[in-house]
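Structure record follows, encoded as structure tokens.
FYI, it's all coordinate maths here, none of it is from the lab. A quick note: this is a predicted structure, and the numbers were derived from the prediction, not measured. As a convention, Cβ positions derive from the backbone with ideal geometry for all residues, glycine included, and neighbour counts pool all protein chains shown.
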Amino acid sequence: LTSTVGDIRKRARLLSGKGRLAAIQGDTREAETAFAEGIALALRADDQVTIAVLHNSLGIVAHRRDATDADVHFHRAVAVWKSLNIPGGLIPAYSNLGDSAFSRREYEQARSWYESAIRIGVEDSPAMASALGSLAHLERHVGDYCAARDHAAASLVVAHRAEYASG
């Protein structure tokens, strides 16, 4: 049987969900497999949005092992979001690059990535609330408590507007 592009696209998106569930359950290997298979299918269907989402997800899972390996996927997500001219997609990718730099103790680089995410300006998004929260965490970590407080407060405002309960 021949699969249509729509069928392939649906399968790639289902694999994205399967990978997220596996990641939540702590099954990194299953998550990585699902995300990689999803990328392969999304490439066949030329579903660029799903490709970007899956690279970001694969980067998050890879980050648990190796921040450098994760960055490859985050940069691929950034490239796709830029090519599609979808700024909102850049927020989580930039934030994840910030998290990766933070884990390597590259604090100025992390700050730069978080600030890049925040400059995008999609104010009512959970990703923006998360980016502000991550910057607040960084500022607290390096001892700038006033900046940490301000970014945390901004994060709460955005999370409230976006109805992002966990934010």
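Explain nothing, just the number: dipole magnitude of region 46-156 about its Cα centre with +1 on each Lys and Arg Cβ and -1 on each Asp and Glu Cβ, in debye rounded to the nearest 20. Don't jump to the answer; show the numbers that get you there.
Values: 10 positive and 14 negative charges, 39 e Å.
Here the size comes out at about 180 debye.
How much length is gained if the chain between SER103 and HIS75 is pulled fully straight, taking 0.36 nm per residue apart and subtracting their Cα-Cα distance, in nm to one decimal?
Details: separation 28, 0.36 × 28 = 10.08 nm, distance 1.67 nm.
Once the chain is fully extended between SER103 and HIS75, it gains 8.4 nm.
If each DSSP helix of 4+ residues adds -39,500 (n - 2.57) and the sum is divided by the residues in the chain, what number results at 222 nm, nearest 500 deg cm²/dmol?
Mean residue ellipticity at 222 nm (helix-derived): -27500 deg cm²/dmol.
How big is the gap, in Å, between the Cα center of region 28-49 and the Cα center of region 140-167?
33
Nothing charged except the Cβ atoms of Lys and Arg (+1) and of Asp and Glu (-1): what's the magnitude of the dipole of region 1-83 about its Cα centre? Round to the nearest 20 debye. Kindly include the intermediate steps, with their values, before the conclusion.
On the way: 12 positive and 10 negative charges, 44 e Å.
Approximately 220 debye in magnitude.
Restricting to Cα atoms and excluding each atom paired with itself, what does the Kirkwood estimate give for region 1-94 in Å?
Values: mean 1/r = 0.0764 Å⁻¹.
One over the average 1/r among Cα pairs gives 13.1 Å for region 1-94.
Which angle from 0 to 90°, rounded to the nearest 10, does the C-alpha axis of helix 5-24 make with the longest principal axis of the chain?
So the helix axis and the longest Cα principal axis differ by about 50 degrees.
Indicate the gyration tensor shape class of region 99-153 (rounded, prolate or oblate), computed on the Cα atoms with a ≥ b ≥ c the square roots of the eigenvalues: a/c under 1.5 is rounded; otherwise a/b larger than b/c is prolate and the rest oblate. Don't skip to the answer; put the middle values down first.
Values: a/c = 2.14, a/b = 1.27, b/c = 1.69.
Since a/c reaches 1.5 but b/c is at least a/b, the shape of region 99-153 is classed as oblate.
Could you tell me how many degrees, from 0 to 90 and to the nearest 10, lie between the Cα long axis of helix 67-84 and the main elongation axis, the longest principal axis, of the Cα atoms of the chain?
Helix 67-84 sits roughly 80 degrees off the main axis of the chain.
With the Cα gyration tensor of the chain giving a ≥ b ≥ c as the square roots of its eigenvalues, does the rule (a/c under 1.5 for rounded; else a/b larger than b/c for prolate; else oblate) give rounded, prolate or oblate? It would help to have the intermediate numbers written out before the result.
Values: a/c = 2.11, a/b = 1.78, b/c = 1.19.
It comes out prolate by the Cα gyration axes.
Compute the FRET efficiency between SER166 and LEU21 as 1/(1 + (r/R0)^6), taking r as their Cβ-Cβ distance and R0 = 22 Å, and round to the nearest 0.05. List each step's numbers first, then the result.
Details: r = 17 Å, r/R0 = 0.78.
The value I calculate is 0.80.
Calculate how steeply helix 107-119 sits against the longest principal axis of the alpha-carbon atoms of the chain, using the helix alpha-carbon long axis, and give the answer as 0 to 90 degrees to the nearest 10.
70
Tell me, what is the FRET efficiency for GLU123 and ASN85 to the nearest 0.05, using R0 = 22 angstrom and their Cβ-Cβ distance as r? Please list the in-between numbers first.
On the way: r = 19 Å, r/R0 = 0.86.
For GLU123 and ASN85, the calculated efficiency is 0.70.
Under the classification rounded if a/c is under 1.5, otherwise prolate if a/b is larger than b/c and oblate if not, where does region 73-131 fall, given a ≥ b ≥ c as square roots of the Cα gyration tensor eigenvalues?
On the way: a/c = 2.23, a/b = 1.32, b/c = 1.68.
Taking the square roots of the gyration eigenvalues as a ≥ b ≥ c, region 73-131 is oblate.
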